[in-house]
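Novice: Quick one: this structure, given as structure tokens, is what I'll be asking you about.
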């Protein structure tokens with residue numbers, strides 16, 4: 001992937017991502033993807049903003065699909 005096409009993730013959100021968060025999100029993923037509802041539920045259960053959960057998914061190399069609200 002060229003640098004032109006790489007997704008920018010705001011450092012305010014990535015600074016809050018932990019290894020435990022990434023591991024938990026990876027465990028919920030199937031074939032390198034996680035659904036929007038599953039990621040939103042994870043964020044709510046962990047008490048973190050959706051943007052932090054999205055940054056964790058990005059850092060884990062996962063794609064978010066079936067996005068309902070455009071949060072990620």
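Novice: Using packing as a proxy for protection, rank 54-66, 31-43 so that the peptide with the highest average count of other Cβ atoms within 10 Å comes first.
Specialist: Result, highest mean Cβ count within 10 Å first: 54-66, 31-43.
Novice: Another question about this same structure. So how far apart, in nm, are the two label points at residue 24 and residue 65 if each is 7 Å from Cα heading toward Cβ?
Specialist: 2.5 nm
Readers should treat all values here as calculations from the given coordinates under stated rules, not as data from a laboratory. The structure displayed is predicted, hence computed values, not measured ones. We place every Cβ from the backbone using ideal geometry, glycine too, and count neighbours over all the protein chains shown.
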